[in-house]
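Nothing in this text is a laboratory measurement; each read-out follows from the coordinates by a stated rule. This structure is a prediction, so every number in the text was calculated from the model and none was measured. Don't worry about glycine lacking a Cβ; one is built from the backbone with ideal geometry, like all the others, and counts go over all protein chains shown.
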Amino acid sequence: MFQVNLCAGKQWKEKQIRKITDRVFDHIRDESSDSRDGLTFEDVYIAVLCVFNDINKHLPGPHHDPPTKDKLRSLMKEYDVNLDGLLNREEFAEFIRKLTAETLTAISQSLIIALILAPTIALMTKRATEGVPGVGKMVQKLPNSIYASIITLGVLLAQKSTEGCE
C-alpha cells in the first residue's frame with residue numbers, strides 16, 4: 001500500500017510540473033513577437049526564471065537558485081532533439097523535468113522530515129518527558145495533537161533558520 005501511495009505521489013508531482021511547464025511555455029510563447037513553435041534560448045532563460053520563482057513561492061523548503069546561463073545553454077542543446085535551436089513544448093517539458101528533479105527531491109525530503117518524522121518524534125519525546133519531575137505533569141496535561149504541533153513548528157523553524165547555511 002505504501003508503494004502505491006509513493007507512485008501516486010510521484011504521478012501527482014509530475015502532473016504538477018507538467019501544468020507549470022505548459023502554463024509557462026504558453027505564456028512565454030504568447031509574449032513573443034514572432035509566431036514560431038518553440039522557445040529561443042532567451043525565452044527558455046525567462047521561462048526557467050518563472051518556473052523557479054513559482055517553486056520558491058509555492059513550495060516549502062530553502063530558496064532554490066536557477067542554474068546559470070551557461071548551464072542552461074548546454075542543457076538546451078542536450079534537449080533540442082530536432083536541432084532547430086528552439087525547444088518545442090515536449091522538449092521544454094523534458095528540459096524542465098530534468099532541471100527541477102533535484103530541487104523537488106530536496107523539497108520532498110524537507111516535507112517528510114517536517115510532516116512525518118517530527119510528529120512521530122514529538123509523541124516519543126512526550127512519553128519520555130512525562131516522567132521527568134517538574135516538567136512531566138505539564139507535558140501530561142497537553143493533548144498529543146498540541147504537543148506534536150508545537151514540536152513540528154519547532155522543526156520547521158529550525159529548518160528555516162538553517163536554509164542559509166548550505
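Pairs from the table (LYS57/LYS77; LYS57/LYS98; LYS57/LYS126; LYS57/LYS137; LYS13/LYS71) lying more than 31 angstrom apart at Cα are LYS57/LYS126; LYS57/LYS137. A simple packing score, the average count of other Cβ atoms within 10 Å per residue, orders the peptides 66-75, 127-136 as 66-75, 127-136, with the highest score first. Residue separation of ARG73 and ASP30 scaled by 0.36 nm, minus their Cα-Cα distance, works out to 13.3 nm of gained length.
Sites listed here are trypsin sites (Lys or Arg not before Pro) in the stretch 19-58 whose DSSP assignment is loop and whose Cβ has at most 16 other Cβ atoms within 10 Å: ARG36.
For LEU39, the residues whose amide H sits under 5 Å from its own are LEU87, ASN88, ignoring neighbours fewer than 5 places away on the same chain, with H placed 1.01 Å from N. Computing FRET efficiency as 1/(1 + (r/R0)^6) for ARG23 and ASN82, where r is the C-beta to C-beta distance and R0 is 22 Å, gives about 0.45. With a Förster radius of 25 Å applied to the beta-carbon distance between ALA128 and ILE150, the computed FRET efficiency rounds to 0.95.
For TRP12 and ASP54, the FRET efficiency from 1/(1 + (r/R0)^6), where r spans their Cβ atoms and R0 equals 25 Å, is about 0.95.
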